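Only the coordinates and a few stated rules stand behind these numbers; no lab work does. What you see is a predicted model; the values in this text were computed from it and never measured. We place every Cβ from the backbone using ideal geometry, glycine too, and count neighbours over all the protein chains shown.
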Amino acid sequence: MRLSNRVLALKPSSTVAVMNKAKALKASGVDVLNFGAGEPDFNTPEPAKRAAIAAINANNTKYIDTPGDLASRELLAKLLTERSGVPGVTKDHIIITAGVKMALYLTFQALFDEPASEGERREMLLPVPSWVSFAPMARLAGAKIVELVTTPEADFKVTPAQLKAAINPRTRVILFNSPSNPCSTMYTESELRALAAVIADAGKTIAPDLCVVSDELYQNIVFGSVKHFSIGACPEIAERTITINGPGKSFAMTGWRLGWASGSGDFGKSIVGAMTKLQGQSITCVPGFSLAAVRAALTECSAELETMRAAFAKRADLIFTLLGALPGVKVARPIGAFYVFPDISAHLGKTSPAGKKLTGAAEFAAALLDEKLMAVVPGEDFSSEIGHKHIRMSFACDEAQIREGAKRLGEFIAALR
Ligand code: GLU
């Protein structure tokens, strides 16, 4: 029996695939070193767990408002205003969804259409390398993806000139993800303000319905040199910006599957309303008792947040130093999030000890898993142009694992012929 063309054309997520494979190998007793999953090794902070348990015991186990309960939306609106400086956010500008992925999914569904003809297809400008699911999700909604290729020399950041040259009347979305998965680099406030000026200008002229989607999931995992800044705080583009966030990475709550999207002003209300309609026709709402944990995480867990951030900062230094010392491995210093995206292209074309020809990152990662029991995500799905030269390693694991991983990678490289 046939499946839909939509689903037949969809590639599976390579991050999820590596994560599942590594977990399955571990469960079957294989001692695999997992650098695949972007998932903190910490436990959810106790106050958050206690709040959810108390909410269950208080029988907060019924449906809640489709966009999320009032207390949570009010808190998120306050934090977006006070901590992130985004103007014009109220409870009516927030929707809480099942994970940041669902927030992005609903956003794209609300912004793109399947066009009558190819020439009418609207574009999403995507600075790459970028996380593997942005492009497939936007494509599912009808977008054409236009990759803006960034380089290690430019810290994997798009410039105002590059952005200006790419915007045209078909551009609907420009996506930002700072700190970045997989590059772990960040835009400074002044860089984002300069990009916002280009967007505001284009919005007044050639692209009136241009929107910014800003995925700020790693907002709290930053290591000092650059402060996180929300592009939605630039007043001239606040009303065309959808800011996405969630507790998964910062508060070690990946399995809770919670995230949110927020807008500002009239457009913010209308897009959140559209997403609420989609949520009402899909999952109805998220579990209310889990939002008690989110409120506790956001208001009572700053000490735990800082402990985890400091640990990630130490790990960032360690992995940068160890990988940087390996022959033929070029790595940028991570300053936010918890990934490195080393360039291993010096080793492509070589053959592994087991006789595998390493033609790209996919073959490199597969051989590394088979021969050294080390799971990394191949770079291909992070950028069609330069991804094959890179692997992504998550350092959301302890220092002993980072040392062992660097050792195994060094041995693997040394044995290539
Ligand atoms: N976001 C994480 C990652 O990039 C988890 C897997 C996924 O959703 O892609 O590894």
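Normalise the Debye intensity by I(0) for the range 52-99, one equal point scatterer per Cα, no solvent, then take log10 at q = 0.19, 0.24 Å⁻¹ and round to two decimals.
For the range 52-99 at q = 0.19, 0.24 Å⁻¹, log10 I(q)/I(0) is -0.68, -0.89.
Less than 15 Å Cβ to Cβ from G29, Lys/Arg counted +1 and Asp/Glu -1: what total charge do the surrounding residues give?
Working: positive: K21, K23, K26; negative: D31.
Once all neighbours under 15 Å are counted, the net charge is +2.
Multiply the residue gap between R403 and S302 by 0.36 nm, knock off their C-alpha separation, and tell me the result in nm, one decimal place.
Once the chain is fully extended between R403 and S302, it gains 33.5 nm.
Given q = 0.11, 0.23, 0.24 Å⁻¹, what are the Debye log10 I(q)/I(0) values for the range 160-272, with equal point scatterers placed on the Cα positions and solvent ignored?
For the range 160-272, the Cα-only Debye profile gives -0.36, -1.33, -1.39.
Using only alpha carbon positions, build the gyration tensor of the range 202-356, then give the equivalent ellipsoid semi-axes as the square roots of 5 times its eigenvalues, largest first, whole angstrom. Intermediate values should be presented prior to the final figure.
Values: eigenvalues 249, 103, 65 Å².
Over the Cα atoms of the range 202-356, the ellipsoid semi-axes are 35, 23, 18 Å.
Around K372, under 9 Å between beta carbons, what's the net of Lys plus Arg minus Asp minus Glu among the other residues?
-2
Can you work out D for the chain in µm² s⁻¹ from Stokes-Einstein, where Rh is the Kirkwood radius over C-alpha pairs, the temperature is 4 °C and the viscosity is 1.567 mPa s?
Value of D from the Cα-based Kirkwood radius: 59 µm²/s.
At 10 °C and 1.306 mPa s, grab the translational diffusion coefficient of the range 38-125 from Stokes-Einstein with a Kirkwood Rh over Cα pairs, rounded to a whole number in µm² per second.
Roughly 97 µm²/s, to the nearest whole number.
Across all directions of projection, what mean area in square nanometres is found for the Cα convex hull of the range 108-164?
Computed as one quarter of the Cα hull surface, the answer is 4.4 nm².
Work out which helices of the chain, taken as complete DSSP H runs, extend at least 27 Å along their axis over the Cα atoms and score a mean Kyte-Doolittle of -0.5 or more, then list them.
Helices passing the filter in the chain: 302-324.
Please give the residues of the range 261-303, grouped as numeric ranges, whose backbone N is less than 17 Å from a label point set 7 Å along the Cα-to-Cβ vector of T81.
262-269
Normalised by the residues of the range 107-233, what does the relative contact order come to in percent, with Cα pairs under 8 Å and at least six apart?
It comes to 24 percent, rounded to a whole number.
Say R0 is 22 Å: what FRET efficiency, to the nearest 0.05, do N168 and E118 get from their beta-carbon distance?
0.90
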